[in-house]
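Novice: Sending over a structure as structure tokens; questions will come in a sec.
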Amino acid sequence: MLMNAYQRFPVTFVRGKGPFLYSDQNVEYIDCVSGIAVNCLGHAHPVMVAAAKEQSEKLFHISNLYHNDAQTALAQKLIRNSFHQQVFFCNSGTEANELAVKIARKYGHKTAPTKSKILYMKDSFHGRSTGALAITGQQKYQEPFRPLMGDVVECEFNNVEMAKALVNDDFCGIFIEPVQGESGIRAATPEFLQTLRDLADQHDALLVFDEIQCGMGRMGTLFAYQQLDVVPDVVTLAKALGGGVPIAACLTKDKANDVIVPGDHGSTYGGNPFVCAIANAVLTELVDHGVVAAVKERGSYTQKKLNLLRVRYPFIQEIRGTGLLLGIKFDESVVKSSDVVKAAFENRLLLVGAGDNVVRFFPPLNVTLDHIDVMVSRLEQVLETLVPQA
């Protein structure tokens with residue numbers, strides 16, 4: 001019936017509340033996946049429910065042929081809380097990155113027909129459409145769908161000298177995730193980010209940050225770049241922006257503004273009143289009601305608890321990340337991340353894996369310390385079952 005695109009766990013969830021999910025058998029699970037960094041306020045948060053109810057009684061969709069107040073309010077809130085000036089709303093992170101590619105390409109073509117190359121990072125993940133896939137540095141995703149978009153060049157993540165050697169005046173864009181999520185919560189170094197900023201300026205290219213997973217408060221600031229001392233020309237957002245409804249955004253500043261004009265791009269559903277009203281309620285909760293401001297404290301508490309597990313279980317090699325963008329790196333010769341995720345599921349703790357034998361630890365951003373205690377305690381029970389027998 002459904003296309004065989006996912007390997008699903010044998011459970012059907014029918015409702016949720018906060019960090020908890022309930023199956024059709026009324027079994028309770030604690031959710032440390034958050035829809036893969038989407039459900040930033042947990043499940044069925046009252047502000048989202050109220051916003052959905054109120055907006056559903058007004059308008060769902062009118063198309064972008066007309067203005068709508070919810071879209072305008074959301075755009076204004078994003079701009080007020082960022083260093084960027086223009087916004088385009090779409091439906092998914094992949095779409096936001098597709099637009100960022102088009103902005104970079106068109107920006108480059110204004111200077112010269114040959115200024116079309118895009119630098120991307122090895123082990124990156126920017127989406128599964130053919131354009132976003134072309135700048136996703138993982139062969140396992142690319143290989144079945146070649147040939148992909150051309151004029152893209154791969155650089156090793158955090159390799160300053162390689163980036164300097166590759167980028168020249170033929171480049172129109174440089175794409176990077178400040179923290180690579182799918183590849184195992186791997187952070188870009190300050191030196192590497194500054195090098196990319198300098199190269200973009202030197203060669204008149206656009207620096208693009210993909211903050212789809214690491215942005216919207218998960219690192220303890222609304223935008224990841226706000227704690228990195230490097231401001232991109234373009235930033236793409238999705239996931240937590242809507243708290244569970246499909247919405248994404250591509251934000252631009254200064255030289256990246258006004259590249260797109262009528263006829264260059266569009267989105268039928270992008271920025272419709274319904275999703276924008278909910279996203280605005282989410283953003284208000286994150287920014288105005290102190291959720292993001294508390295993430296660093298909650299993240300620090302969580303990291304301390306996870307590091308205690310690392311001491312107890314030597315097959316945990318590293319606790320990675322910042323805020324509540326956390327990953328647990330396991331010694332693959334002893335424990336596979338997929339086994340941890342499977343065992344956790346059987347213990348009613350939902351976790352998600354990543355590359356480099358990492359398990360991501362992504363609770364809602366408004367998680368309580370008590371809930372963190374439950375999550376870590378349940379994880380400890382799982383790890384105890386995985387201890388190698390002498």
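The values are calculated or read from the model by the stated rules, or taken from the named source; none is laboratory data. All values derive from a computational prediction rather than experimental measurement. FYI the Cβ positions are ideal-geometry reconstructions off the backbone, even for glycines, and counts take in every protein chain you see. Just so you know, the surface numbers come from the protein's heavy atoms only, side chains and all, with ligands and any DNA or RNA stripped out. Shrake-Rupley method; radii C 1.70, N 1.55, O 1.52, S 1.80 Å.
Novice: Within the accessible area of the chain, what % is carbon and sulfur when the probe is 1.4 Å and the other protein chains stay in place?
Specialist: Numbers: 9030 of 17330 Å².
Exposed carbon and sulfur together represent 52 percent of the surface.
Novice: With unit charges on the beta carbons (Lys and Arg positive, Asp and Glu negative) and the dipole taken about the Cα centre of the chain, which residue among Gly299, Cys155, Leu199 sits farthest to the positive side?
Specialist: Result: Gly299.
Novice: Relative to the Cα centre, what is the charge dipole magnitude of the stretch 46-288, using +1 at the beta carbon of each Lys and Arg, -1 at the beta carbon of each Asp and Glu, and rounding to the nearest 20 debye?
Specialist: Dipole about the Cα centre, nearest 20: 400 debye.
Novice: While we're here: What percent antiparallel are the DSSP beta bridges of the chain, to the nearest 5? Walk me through the numbers before you get to the answer.
Specialist: Values: 32 of 50 bridges.
Percentage antiparallel, nearest 5: 65.
Novice: By accessible area of protein heavy atoms, probe 1.4 Å, what ranking do Asp201, Asp69 get, highest first?
Specialist: Details: Asp201 85, Asp69 135 Å².
Highest to lowest solvent-accessible surface, that is Asp69, Asp201.
Novice: Classify the stretch 284-390: rounded, prolate or oblate, from the alpha-carbon gyration tensor (a ≥ b ≥ c, eigenvalue square roots; a/c under 1.5 rounded; otherwise prolate if a/b is larger than b/c)? Mind dumping the intermediate values first?
Specialist: Details: a/c = 2.10, a/b = 1.98, b/c = 1.06.
Because a/c hits 1.5 or more and a/b exceeds b/c, the stretch 284-390 counts as prolate.
Novice: For Cα pairs less than 8 Å apart in space and 6+ apart in sequence, what is the mean separation divided by the residue count of the chain, i.e. the relative contact order in percent?
Specialist: Working: 789 pairs, mean separation 84.9, N = 390.
Relative contact order of the chain: 22 percent.
Novice: To the nearest 10 Å², what's Val152's accessible area with a 1.4 Å probe?
Specialist: 40
Novice: OK, next. Distance between Cα centroids, the stretch 315-390 to the stretch 23-40: provide it in whole Å.
Specialist: First find each Cα centre; the distance between them is then 15 Å.
Novice: Continuing with the same structure: Per residue, how much accessible surface does the chain expose to a 1.4 Å probe? Answer in Å², no decimals.
Specialist: Computed with neighbouring chains in place, this is 44 Å² per residue.
Novice: Using Cα positions and a limit of under 27 Å, work out the lysines in reach of Lys342, with same-chain residues fewer than 8 apart set aside.
Specialist: Output for Lys342: Lys17, Lys140, Lys239, Lys304, Lys305, Lys329.
Novice: Starting from the Cα gyration tensor of the stretch 46-288, take the square roots of the eigenvalues, sort them a ≥ b ≥ c, and report rounded, prolate or oblate (rounded when a/c is under 1.5, otherwise prolate if a/b is larger than b/c, else oblate). Write down the numbers at each step before the final one.
Specialist: Details: a/c = 1.79, a/b = 1.59, b/c = 1.13.
Since a/c reaches 1.5 and a/b is larger than b/c, the shape of the stretch 46-288 is classed as prolate.
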